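Encoded as structure tokens, the structure appears first; notes follow it.
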Amino acid sequence: MKPTPAQKTTPLVSPASAAVVRDAPTQLFIGGEWVSANEGRTFEVVDPSTGDVIATVSDGDIADGLSAVDAADRASAAWKATSPRRRSDVLMKCFHLVLEQAEWLAQLITVENGKALADARSEVAYAAEFFRWYAEEAVRAPGEFGPAPSGSNHIIVKHEPIGIAVLVTPWNFPAAMATRKIAPALAAGCTCILKPAAETPLTALAIGEIMRQAGVPAGVVNIVPTKKAGPVVSAMLHDKRVRKLSFTGSTGVGRTLLREAADQVVSSSMELGGNAPFVVFDDADLETAVAGAMVAKMRNGGEACTAANRFYVQKGILADFTRRFAEEMAALKVGSGLAPNTQLGPLITEAALAKVERLVDDAVAKGARLVTGGSRLDGDGFYYPPTVLADVSPDAEILREEIFGPVAPVIAFETEDEVVRMANDTEYGLVSYVFSSDLNRALSVAGRLESGMVGINRGVVSDAAAPFGGMKQSGLGREGSHHGMLEYLETKYIAASW
């Protein structure tokens, strides 16, 4: 197929963005109050669709981070003593308020992140669901009681809040990544400090205001945007009152934070990078496989750790799958996320755009064939078209690095053993996708894939009720489900005689 240029919709003018951000908080949220940064510094937030500055946000420093720890410490004892039912009620109120303000939150996400409004609306619904799920989990903390085998005493096992938690979230899902961490922390009885990504602080601050309106007590949730993330987070992790770190982001930064956390032996949860294989067997339903590929690749414009990164297609269906997939990709409308017909917005930054360009250029230089897309779009903003690459060489960088963009490299395979070997040939192990009409084969392959999550005949696995997390260098611990709250609880064993 001849490469087809993507269609780009007309961007909205910046006044539309200004109207969306007008009511968004821009200060630090510490101890239940909106406050300026310690030294009064600010940083700029940019609309990726235009490159225009849309807001200035308070830029916290080490003193602000430690002030947030102080506030969390002051609130800790009372929140720990708050009944599970009361915690549940507060979280359920958060759920309803997020839904009441869903459209504004979605537009705010789109303006500072760039994603299409339909994607942003889906994210808000997903973010809200964590409040509802953990409102229900808050009253179901586990415990055990029974006689010791010797009969000389009783064994009591209870779970207590781990303590103050530092939560570090990325820019790609600024609402959902915040609530996926805050909600279980609060359900467990912990207080917390959220450090949102500097690219998308407005959504996190808006969530903070919603939680204030819902009745979350002062100091239970604190939010510190900063451009000096390394020193600020390090200072908090070296405060002996901080007992939990939860981080979502790159594996490289995760390694650094684990070293920082080791000094005070801070419990750490890590949701790190991915390099998801998408495996299509000859017996797969072609329509289902292509639809699944579009979701797995293009959800959030490809800027997701769960995005399908490598498409392995069995030779019998390779030509048909590649053709149909490329047609669907080329038909997507690219433009400002606020435009009503946009299906793919810009990448988050110029640096992200340059990375995607580098990976595609390297693949083409090593023999890959462009089926559609393949070069940045003209005009303002950080736009890259939906791109499909065929005949990708095994030594192409795009098969080793997390793409984080709308690019799909397609690789042929012949046997089940071959594709399992290729799929597992990565340091990452977050999620995999398998498409086959043979359920026994799909389940067998799922069992052999080295990833914490597997989607069978579906292109999305995320669910508030499911344990989200990876193997190998894709992370430690789980978020979501009952497992997510356990990350914020310490296990205490009591030996009792009476």
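The values are calculated or read from the model by the stated rules, or taken from the named source; none is laboratory data. Here the structure is a predicted model, which is why all the values come from computation and not from measurement. With ideal geometry, Cβ positions are generated from the backbone for all residues, glycine too; neighbour counts draw on all protein chains shown. Each accessible area value is taken on the protein alone, full model and side chains, heavy atoms only, with ligands, DNA and RNA left out. Shrake-Rupley method; radii C 1.70, N 1.55, O 1.52, S 1.80 Å.
Please determine, in degrees from 0 to 90 and to the nearest 10, the orientation of helix 176-188 with respect to the longest principal axis defined by the Cα atoms of the chain, where the helix direction is its Cα long axis.
Compared with the principal axis, the helix lies near 30 degrees.
Mean shadow of the stretch 284-339, computed from the convex hull of its alpha carbons, in nm²?
Values: hull surface 17.3 nm².
Seen from a random direction, the Cα hull of the stretch 284-339 projects 4.3 nm² on average.
Please give the contour-minus-distance gain from T42 to R259: 0.36 nm per residue of separation, less the Cα-Cα distance, rounded to one decimal in nm.
75.2 nm
Whenever you get a sec, line up Y493, Y433 from highest to lowest accessible area (probe 1.4 Å, protein heavy atoms).
Working: Y493 140, Y433 5 Å².
Greatest to least solvent exposure: Y493, Y433.
Which ³J(HN,Hα) values in Hz, rounded to whole numbers, follow from the phi angles of the stretch 35-48 under the Karplus curve 6.51 cos²θ - 1.76 cosθ + 1.60, where θ = phi - 60° and Gly and Pro get x?
9, 6, 5, 3, 9, x, 7, 9, 9, 8, 10, 10, 7, x
If one computes the Cα centroid of the stretch 182-223 and of the stretch 289-310, what distance in Å separates the two points?
If you average the Cα positions of each part, the centres end up 29 Å apart.
Can you give the charge dipole size of the chain about its Cα centre, rounded to the nearest 20 debye, using +1 on the beta carbon of Lys and Arg and -1 on the beta carbon of Asp and Glu?
Working: 47 positive and 59 negative charges, 205 e Å.
So the magnitude is around 980 debye.
Give me the percent of the accessible area of the chain that comes from carbon and sulfur atoms, probe 1.4 Å, all protein chains in place.
Details: 9730 of 18810 Å².
Here carbon and sulfur together make up 52 percent of the probe-accessible area.
Sort the following peptides by mean Cβ neighbour count (other Cβ atoms within 10 Å, averaged over residues), highest first: 159-165, 217-223.
Working: 159-165: 21.4, 217-223: 24.0.
Sorting 159-165, 217-223 by mean packing, highest first, produces 217-223, 159-165.
Normalised by the number of residues in the stretch 99-248, what is the relative contact order in percent for Cα pairs under 8 Å and 6+ residues apart?
This gives 25 percent for the stretch 99-248.
How tilted is helix 102-113 with respect to the longest principal axis of the chain? Cα atoms for both, answer in degrees (0 to 90, nearest 10).
Compared with the principal axis, the helix lies near 60 degrees.
Restricting to Cα atoms and excluding each atom paired with itself, what does the Kirkwood estimate give for the stretch 424-473 in Å?
Values: mean 1/r = 0.0884 Å⁻¹.
Radius from the Kirkwood sum: 11.3 Å.
Across the Cα atoms of the stretch 104-189, what radius of gyration and what greatest pairwise Cα-Cα distance (Dmax) are found, in Å?
Calculated on Cα positions, Rg and Dmax stand at 19.1, 64 Å.
Tell me what the chain gives for mean residue ellipticity at 222 nm when only DSSP H runs of n ≥ 4 count, each as -39,500 (n - 2.57), the sum divided by the residue total, rounded to 500 deg cm²/dmol. If you can, show how the numbers build up before the last one.
Details: 15 runs with 195 residues, N = 498.
Here the helix-only value at 222 nm equals -12500 deg cm²/dmol.
Ordering T491, T349 by how much accessible area each has at a 1.4 Å probe, largest first, what is the list?
Working: T491 95, T349 40 Å².
Heavy-atom accessible area, descending, gives T491, T349.
Give the distance, in whole Å, between the Cα centre of the stretch 317-359 and the Cα centre of the stretch 369-405.
Measuring centre to centre over Cα atoms gives 9 Å.
How would D320, D417 rank on accessible area, largest to smallest, probe 1.4 Å? Could you put the intermediate results ahead of the total?
Working: D320 75, D417 100 Å².
Largest accessible area first, the residues go D417, D320.
How high is the relative contact order of the chain, given as a whole-number percent (alpha carbon pairs under 8 Å, six or more residues apart)?
20
Counting only heavy atoms of protein chains, what accessible area per residue, in Å², does the chain have with a probe of 1.4 Å?
Spelled out: the 1.4 Å probe surface of the chain, per residue, equals 38 Å².
Under the √(5λ) rule applied to the eigenvalues of the Cα gyration tensor, what semi-axes describe the equivalent ellipsoid of the stretch 342-477? Give them in Å, descending.
Values: eigenvalues 156, 73, 41 Å².
Semi-axes from the Cα gyration tensor: 28, 19, 14 Å.
Distances over 15 Å make up what percent of all Cα-Cα pairs in the stretch 175-227? Provide the component values of the computation, followed by the final result.
Values: 567 of 1378 pairs.
In whole percent, the long-distance tail amounts to 41.
Give me the three principal axis extents of the chain from the C-alpha atoms, as integers in angstrom, largest value leading.
75, 64, 39
Would you mind checking the radius of gyration and Dmax of the stretch 246-364 based on alpha-carbon positions, in Å?
So, for the stretch 246-364, Rg and Dmax equal 18.0, 55 Å respectively.
State, to one decimal in nm, how far the label point of R400 lies from the label point of W34, with both points 7 Å from Cα in the Cβ direction.
4.8
Within a Cβ distance under 12 Å of D391, other residues only, what is the Lys/Arg minus Asp/Glu net charge? It would help to have the intermediate numbers written out before the result.
On the way: positive: K366, R369; negative: none.
With Lys, Arg at +1 and Asp, Glu at -1, the neighbours total +2.
Based on the Cα gyration tensor of the stretch 36-147, what are the three equivalent ellipsoid semi-axes, each the root of five times an eigenvalue, rounded to whole Å and given largest first? Can you show the working numbers first?
On the way: eigenvalues 222, 115, 23 Å².
For the stretch 36-147, the semi-axes come out at 33, 24, 11 Å.
If you average the alpha carbon positions of the stretch 442-469 and of the stretch 132-166, how far apart do those two centres end up, in angstrom?
Distance between centres, Cα-based: 28 Å.
Cα extents of the stretch 301-404 along the three principal axes, largest first, in whole Å?
40, 26, 25
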